[in-house]
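The values are calculated or read from the model by the stated rules, or taken from the named source; none is laboratory data. Being a predicted model, the structure only gives us computed values, none of them experimental. Cβ placement follows ideal geometry from the backbone for every residue including glycine, while neighbour counts extend to all protein chains displayed. SASA here: full protein model, heavy atoms, side chains in, ligands and nucleic acids out. Shrake-Rupley method; radii C 1.70, N 1.55, O 1.52, S 1.80 Å.
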Amino acid sequence: MTTRFDKLGVVIAAIVAYAAFAAPFATLRANRIVPGEARSILEALPPTLGPLLLAVVVVAAVVALLKTPLVLRLAASVVALAALALLIGVAGSFLTPEGNSFARISPASGFWLLIFAFTLLLADGLTRLNLSPSARIGVLVVAAGAIGLLLVSGSWNSLSILKEYANRADSFWAEGSKHVTLALGSLAAAVLVGLPLGILCHRVEKLRAGVLNVLNIIQTIPSIALFGLLIAPLGWVATHVPGAASLGIRGIGTAPAFVALFLYSLLPVVANTVVGLAGVPRAANDAARGMGMTQRQRLFGVEFPLAFPVILTGIRIVLVQNIGLATIAALIGGGGFGVFVFQGVGQTAMDLVLLGAVPTVALAFAAAIILDAVIEMTPPGDARHNRHDRDRGHYQAL
């Protein structure tokens, strides 16, 4: 006898049951740093909306629990997520005392667990649809647009994280720009250095082990320690090398953060370049030689295109890694979203921590989805290999 329950749905339903009926939905604090008072769904929302939200999440949980049609599962997850996103803003307005500008309303553990559960249901449904790479990017754009509309509409303005943003709007975008510049700039530098170094390591076997071992050792150094180790040498360079200080090189600030991220980025780029080139079929190189191609032509016309998906995977790893590691740069004055994270930790203001953490996670998540899609859209090596085989056959026939 086949079971009527979906295995993942059992987990989702259990999370929803706990989050909706046992965990707090929102937290009310008299100001931004004092401990908060937990409020359930029924306490955090007006009398008509609280039961409505409970009904929505319970129905969606039942849809997830049972083996229901895929379209119904997707619809249930989208409706539940939309209801949660809209009503957490209502909870902020409902719980804030009239005329009180010091009170802070924050989503509590129940809200985040419900978001996690229904996002998991949505992700499972989208995976079963087996969407094309461009369709996945489209879903990401739609989700980002929906969140943007909520932010612009002012529905969440009564929430504490938006109040923290309102007090720091200019610095938020300035630090965000620094964060993205650090992540992308260090990635670009690593690609410019790592690709030639990876090609060299592939060609010179004696060099490969030494270079990869050194880069592996760098990866084992904790990020905070590496930032600290760079302060002294970069400070010396700023003092003794003419023009270095004017270029922004100094012991603290952006320079050591950039160098540290660059060093962390080298191993994935170099290693994936070596692996990608090593995976090029011998037949493809034989066909290229048969066509009279030089070593340089084989590298750029045959080997590198075939290895590109593997190299791009390394670049994806680096970008997601750097977006996260750039947060630590704030400890040495490098800026970025980490500024808000560490300010919040120092002030025991968790919503300020979220102001730095949430966009960092969102950037890393979006970067992973986009680059995964780009990797899948890259023509597979087998197709190119077949083309080179056909070219070799044509050359031999001539």
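Here are a few things to note about the model shown:
- Contact order relative to length of the stretch 200-329, as percent, for alpha carbon pairs under 8 angstrom and 6 or more apart: 27
- Within straight-line reach of LYS178, meaning a Cα separation under 23 Å, sit the following lysines at least 8 residues removed in sequence or on another chain: LYS163.
- Reciprocal mean inverse distance between Cα atoms of the stretch 180-320 - Kirkwood radius, Å: 16.6
- Acute angle (nearest 10 degrees) that the helix 254-278 long axis makes with the longest principal axis of the chain, alpha-carbon atoms: 60
- Segments 282-293, 338-349 sorted - mean Cβ within 10 Å per residue, highest first: 338-349, 282-293
- Stretching the chain fully between LEU42 and ALA143 yields a gain of 33.6 nm (0.36 nm per residue, less the alpha carbon separation).
- Accessible surface area normalised per residue over the chain is 50 Å², counting heavy atoms of protein chains with a 1.4 Å rolling probe.
- Among 65-74, 201-210, sorting by the average number of other beta carbon atoms lying within 10 angstrom of each residue, highest first, gives 65-74, 201-210.
- Listed by chain and number, the lysines placed with their C-alpha closer than 26 angstrom to that of LYS7 are LYS67; residues fewer than eight positions away on the same chain are left out.
- Here, the stretch 9-53 is characterised by an Rg to Rh ratio of 1.09, where Rg is the alpha-carbon radius of gyration and Rh the Kirkwood radius.
- Shape box of the stretch 252-367 [Cα atoms, principal axes, largest first, Å]: 68, 27, 15
- Carbon-plus-sulfur accessible fraction, the stretch 37-83 (probe radius 1.4 Å, protein heavy atoms only): 81%.
- In plain terms, the chain from GLU98 to GLN219 could stretch by 38.3 nm, reckoned as 0.36 nm per residue minus the Cα-Cα distance.
- Of (i) 32.1, 112; (ii) 26.2, 87; (iii) 21.3, 65, the label for Rg and Dmax of the Cα atoms in Å derived from the coordinates: (ii)
- Under the criterion of Cα pairs below 8 Å and six or more residues apart, the relative contact order for the chain equals 16 percent.
- Residue of GLY185, GLY145, GLY50 that the Gaussian network model of the chain assigns the largest fluctuation, springs spanning Cα pairs under 10 Å: GLY145
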